[in-house]
Every structure is written in C-alpha cells, then in structure tokens.
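**Q** A single structure is presented below for examination.
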Amino acid sequence: MLLPPAPDLYNSPFTSYPSAVNPHLSQLQPYPFEKLRQLFKGVTPNPAYREIKLSIGEPKHATPEFIKTALTDHLGGLANYPTTQGTPALRQAITAWLERRYGLEQLDPDRHVVPVNGSREALFSFAQAVIDPSKGATPLVVSPNPFYQIYEGAAYLAGAEPRFLNTLPEHHFSLDLDALSPEEWTRVQLLYVCSPGNPTGKVLDLEDWRQLFALADKYGFIIASDECYSEIYFDEATPPLGGLEAAKRLGRGMERLVMFSSLSKRSNVPGLRSGFVAGDPDILKQFLLYRTYHGCAMNPAVQAASVAAWGDEAHVRENRRLYREKFARLTPQIAGALDTAMPDASFYLWARTPLSDTDFARRLLADYNVVVLPGSYLAREARGVNPGENFIRIALVASLEECQEAADRLCQFVQHL
C-alpha cells in the first residue's frame, strides 16, 4: 500500500503556532531593522551614489591588534569547557577597571562581577532571573522611551508588562518619572535606564540618580543600568557618571542596583561578544545561578582577549579622539540642516526631521543612498505621543571621510525638500 506524501512543512500555510510555544512571543514587535527593511521595500537607491549606512550602532573603527593577538594566542583554551563565572583573571581585570574608572573600592571579583557575552544577552536574561510573576498583579518593567528594544522583549518574556517613560527634548531628555501613578510604581519590579542614552546621548546626573534611588527604596524595585556607551564621550576630564559611582557619591550601597557594560563600543569589538554585570552581590548570586542553566559561559579565548582589553586605556582614548573629531566637524554642519545638537555622550545624533521620519528615511535612501533609522521605530506611544516620531538616529560610526560624505548628501537632500 502506498503511503500518502509527507506534508510540505516549508510551504504549508500554517495559521498559528503549536500550543506549546510561549504565548508571550506573540507580544514581541519586529526589531527596528526588520521594520526598516520593510520600509525600504520597493525603493531603488540613486545609482549615482554608493551606499552609506548610518542606521546601526555598530562600531567601524579598527579593532586593536593587541586584542586580536590575545584572542589567537589563547585558542588552545577551546579544548576546555569554560565556567559560567569566568576565569579569576577576567573577573579581576573587570574589577580593576571598575575601581579605576569609577573610584569604587573594596569590590570582590567573586561577588560583585559576572562576565557575560555582551550586554545585550545579559540585559534580556536578567529580567527572566529577577521578575517574580507570583506577587499578585502583573509586574511592571519600566524603561525610557525611546529605548533599546531588548528591554521590552525582556519584560514580555518574563511575564511582565512594559511601561515607558518619555524622554523629550523640551525636558532635556530626562525621564518623566511622574508618568506613573503610585499604584503603578508599587507593581514595578525592574527599571531599565540607559546612560549615556540610546538614542539621545543623555547622561544621568547625580540628581537624576538620587531620584531613582529614592523611588527604588520606596517601592523595592531593581535598577538595571545599561552603560554600554559609557566610554564614548567628548571631554577627557568629565567622563559620564555611572550608577555604581553615583551610589557611592550619595553614600549608599549597591542594594537593588546592577550595571551592564561591554567591550563592543569601548574597544571596537562588537563581534567578540564580551561584557559584564556588576553590582548588588545578592542579586548577582541568583543571576549567576540562572546563567549556569542558561548555557552562556564565555569562550576561553574571548576571556583572554577581554582581559587584555579591560587592562588598556590607550586604545580607548584614541577611539574617543576619532569620535570627537567627527562630532566636532559634522554636528554643526548637520545642525544647519536639521534640529540637532551635540549629545552628552555616545556616537549618535538625534535629529528632528521636517517631514515624517519614515518618509525622510525612504526619500534620503532613494535620492542619496544614505541609510538612517526612523526614530519612531525606537519608541512606543505613551501618554498620547511617540517621542521618536519625526526624529532620525544618525550613527556616526564610519570613518570621518565616509561620515563627511553622508553629511554632505544629507544636507543637500534637506535643501531640496
């Protein structure tokens, strides 16, 4: 007897996922760059220009040779399973950097630091480890708006609801802490902050941190401080204030506070996937337990390269010099065409557009083959507004020459609108 043909699983018109799939997956929105791909469907860029992509925050400066050498010199470590906690040498290198950078004291490499495979995976998994959905009402996870979309996805997959605090130019991009009611604050279990901010470049000052700590003390939530842009700033004498540094200056401990950092932007190694989480040792103990099951131990060769990177500041200062040169030259030019200004830090310009941000991005690509990211893709509507609407994010990550050419084209485009 002939058997019926096997079903064509690749072309079958499935209408729903199997019931065993986590239902929270349906709450995830497409990532901004998938939205951008859809936006550009049907657009034919002007063939007179080569593409210049300023849409993604991927560092383009050269990776220092000593980091690559440290990586290749330790490939023998691939024969061993790495531990989730990382090597003592890596934890010590991170601890020493924290003490130098922020003036922290008496950090314990075994209790205050957990190496991670880049800040992104840790920012996401952290919510899964600390959110407790059994406390009655659905827990809330708060983040700035605009924001890094990982915060939203982390909230949903942890069984929580996201709440967004608008950061608007008329308020100097400060968090709108009055946007939540006291009842909502009682449901908050986790608050993400990003300083320097993506996409605005806003750096939280000591008074901002004082207010956040007061709320955390009153309502008992955890603060997750995303500081992956902390080493991209423009004045060597005034590095951005960090969360752990703010806690020390305000005379408090690390309770309910963790920071996330990464080598990606600092050392131009986004492909290395290396960072760390530091802060409250009681929280990190539980996070480390979670990670032992999560299967995310760092590659031994990557750990060795990371030790080398955290131990050197000369390449970081040179990296900042390159950004400083680009921003000093290009910000006044772009500000002559669009409403923008120097950020506090980071490598983005957040610029207001004279037409909708999506139309601006499509037409800029079509006419001048320059790619920027619509700001509305980085935000959600809250309190009746999408704070990213009619803004674009310009990532000045390429070489000075390429960024200069993109700025020239962008300004020509605006002049002809």
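The values are calculated or read from the model by the stated rules, or taken from the named source; none is laboratory data. Predicted model, so just to flag it, every value in this text is computed and none were measured. Note that each Cβ is placed from the backbone with ideal geometry, even for glycine, and that neighbours are counted across all protein chains shown. Heads up: the accessible areas ignore ligands, DNA and RNA and are worked out on the full protein's heavy atoms, side chains in. Shrake-Rupley method; radii C 1.70, N 1.55, O 1.52, S 1.80 Å.
**Q** One residue is enough: does region 319-327 have a residue meeting the conditions open to solvent by 40 Å² or more (accessible area, probe 1.4 Å) and more than 25 Å from residue 226 (Cα to Cα)?
**A** Looking through region 319-327, at least one residue is open to solvent by 40 Å² or more (accessible area, probe 1.4 Å) and more than 25 Å from residue 226 (Cα to Cα).
**Q** Shifting gears a bit: Given the structure, is residue 329 modelled with pLDDT of 95 or more and under 24 Å from residue 240 (Cα atoms)?
**A** Here the answer is yes, as residue 329 does meet what is asked.
**Q** Of all residues in region 67-96, how many are outside any loop (DSSP other than H, G, I, E, B) and surrounded by fewer than 19 Cβ atoms within 10 Å (Cβ to Cβ)?
**A** Number of matching residues: 12.
**Q** Can you pull out every residue in region 391-417 that is part of a loop (DSSP other than H, G, I, E, B) and open to solvent by 60 Å² or more (accessible area, probe 1.4 Å)? Please lay out each step first, then the result.
**A** Of all residues in region 391-417, those part of a loop (DSSP other than H, G, I, E, B) come to 396-399, 416-417.
If the condition is that a residue be part of a loop (DSSP other than H, G, I, E, B) and open to solvent by 60 Å² or more (accessible area, probe 1.4 Å), then 416, 417 are the ones that fit.
**Q** Just to be sure I understand the filter: pairs with C-beta atoms under 6 Å, separated by 6 or more residues or on different chains, first member in region 49-64 and closer than 18 Å to residue 374 by Cβ and in contact (Cβ under 8 Å) with a residue 60 or more places away in the chain, second member surrounded by 15 or more Cβ atoms within 10 Å (Cβ to Cβ) and small (Gly, Ala, Ser). Which pairs pass?
**A** These pairs meet every condition: 52/406; 54/395; 54/406; 57/395.
**Q** Still on this structure, I have one more. I'd like to check something: does region 111-124 contain any residue that is out of contact with any Pro (no Cβ under 9 Å at 6 or more places or on another chain), within 18 Å of residue 298 (Cβ to Cβ) and open to solvent by 60 Å² or more (accessible area, probe 1.4 Å)?
**A** First pass over region 111-124, keeping only residues out of contact with any Pro (no Cβ under 9 Å at 6 or more places or on another chain): 113-117, 119-124.
Checking which are within 18 Å of residue 298 (Cβ to Cβ) leaves us with 113-117, 119-124.
Of the ones still in play, those that are also open to solvent by 60 Å² or more (accessible area, probe 1.4 Å) are 120, 124.
There is at least one residue in region 111-124 that is out of contact with any Pro (no Cβ under 9 Å at 6 or more places or on another chain), within 18 Å of residue 298 (Cβ to Cβ) and open to solvent by 60 Å² or more (accessible area, probe 1.4 Å).
**Q** For residue 365, only one of the following conditions fails: (1) under 20 Å from the mean Cα position of the chain (by Cα); (2) closer than 15 Å to residue 413 by Cβ. What is its number?
**A** (1)
**Q** Considering 256, 249, which residue is surrounded by fewer than 24 Cβ atoms within 10 Å (Cβ to Cβ) and on the phi > 0 side of the Ramachandran plot?
**A** It is 256.
**Q** Residue 95 versus (1) of a type in the set (Ser, Thr, Tyr); (2) at pLDDT below 95; (3) touching a Pro at 6+ places or on another chain (Cβ under 9 Å): which is the lone unmet condition?
**A** Only one criterion in (1) of a type in the set (Ser, Thr, Tyr); (2) at pLDDT below 95; (3) touching a Pro at 6+ places or on another chain (Cβ under 9 Å) is unmet by residue 95, namely (2).
**Q** Return the residue satisfying two criteria in turn: it lies in region 291-309 and is hydrophobic (A, V, I, L, M, F, W, C) and outside any helix (DSSP H, G or I), and of such residues it is most open to solvent (accessible area, probe 1.4 Å).
**A** Across region 291-309, the extreme among qualifying residues is 297.
**Q** Still on this model: Which count do you get for residues in region 209-235 that are polar (S, T, N, Q), more than 18 Å from residue 313 (Cα to Cα) and open to solvent by less than 10 Å² (accessible area, probe 1.4 Å)?
**A** Matching residues across region 209-235 total 1.
**Q** Before we move on, is residue 288 more than 30 Å from residue 247 (Cβ to Cβ), aliphatic (A, V, I, L, M) and part of a helix (DSSP H, G or I)?
**A** In short, no.
**Q** Also: Charged (D, E, K, R) and farther than 17 Å from residue 67 by Cβ - does that describe any residue in region 292-313? Explain how you work it out, then say what you get.
**A** Of all residues in region 292-313, those charged (D, E, K, R) come to 312-313.
Next cut, farther than 17 Å from residue 67 by Cβ only: none.
Within region 292-313, none of the residues are charged (D, E, K, R) and farther than 17 Å from residue 67 by Cβ.
**Q** Do the conditions hold for residue 366, that is, is it surrounded by 24 or more Cβ atoms within 10 Å (Cβ to Cβ), of a type outside the set (S, T, N, Q) and in a helix (DSSP H, G or I)? Spell out how you get there, then give the answer.
**A** Numbers: surrounded by 24 or more Cβ atoms within 10 Å (Cβ to Cβ): no; of a type outside the set (S, T, N, Q): yes; in a helix (DSSP H, G or I): yes.
In short, no.
**Q** Would it be correct to say that residue 238 is open to solvent by 40 Å² or more (accessible area, probe 1.4 Å) and either more than 23 Å from residue 376 (Cβ to Cβ) or in contact with a helix residue (DSSP H, G or I) (Cβ under 9 Å, 6 or more places away or on another chain) (or both)?
**A** In short, yes.
**Q** Something else now. Of all residues in region 181-196 being among the polar types (S, T, N, Q) and crowded, with 19+ Cβ neighbours inside 10 Å, which is nearest to residue 219 (Cα to Cα)?
**A** Looking at the filtered set, the residue picked out is 189.
**Q** Restricting region 25-46 to residues that are in contact with a helix residue (DSSP H, G or I) (Cβ under 8 Å, 6 or more places away or on another chain) and part of a loop (DSSP other than H, G, I, E, B), which is surrounded by the most Cβ atoms within 10 Å (Cβ to Cβ)?
**A** For region 25-46, the residue satisfying everything is 45.
**Q** Could I ask something else about it? Could you look through region 266-280, keep only residues that are out of contact with any Gly (no Cβ under 7 Å at 6 or more places or on another chain) and either without any contact (Cβ under 8 Å) to a residue 24 or more places away in the chain or assigned to a strand (DSSP E or B) (or both), and pick out the one that is most open to solvent (accessible area, probe 1.4 Å)?
**A** Step by step, filter region 266-280, then rank; the result is 271.
**Q** Moving to a separate point now. Would you mind stating whether residue 417 is farther than 23 Å from residue 196 by Cβ and at pLDDT below 95?
**A** In short, yes.
**Q** Kindly evaluate residue 170 against the criterion of being open to solvent by 10 Å² or more (accessible area, probe 1.4 Å) and within 30 Å of residue 326 (Cβ to Cβ).
**A** Against the criterion (open to solvent by 10 Å² or more (accessible area, probe 1.4 Å) and within 30 Å of residue 326 (Cβ to Cβ)), residue 170 qualifies.
**Q** Another one. Conditions first: (1) assigned to a helix (DSSP H, G or I); (2) among the charged types (D, E, K, R); (3) surrounded by fewer than 18 Cβ atoms within 10 Å (Cβ to Cβ); (4) in contact (Cβ under 8 Å) with a residue 24 or more places away in the chain. Residue 99 passes all but one, so which condition is the exception?
**A** Evaluating residue 99 over (1) assigned to a helix (DSSP H, G or I); (2) among the charged types (D, E, K, R); (3) surrounded by fewer than 18 Cβ atoms within 10 Å (Cβ to Cβ); (4) in contact (Cβ under 8 Å) with a residue 24 or more places away in the chain leaves (4) as the failure.
**Q** Pull up region 142-163, narrow it to residues that are in a loop (DSSP other than H, G, I, E, B) and of a type in the set (A, V, I, L, M, F, W, C), then point me to the one that is surrounded by the most Cβ atoms within 10 Å (Cβ to Cβ).
**A** In this case the residue turns out to be 147.
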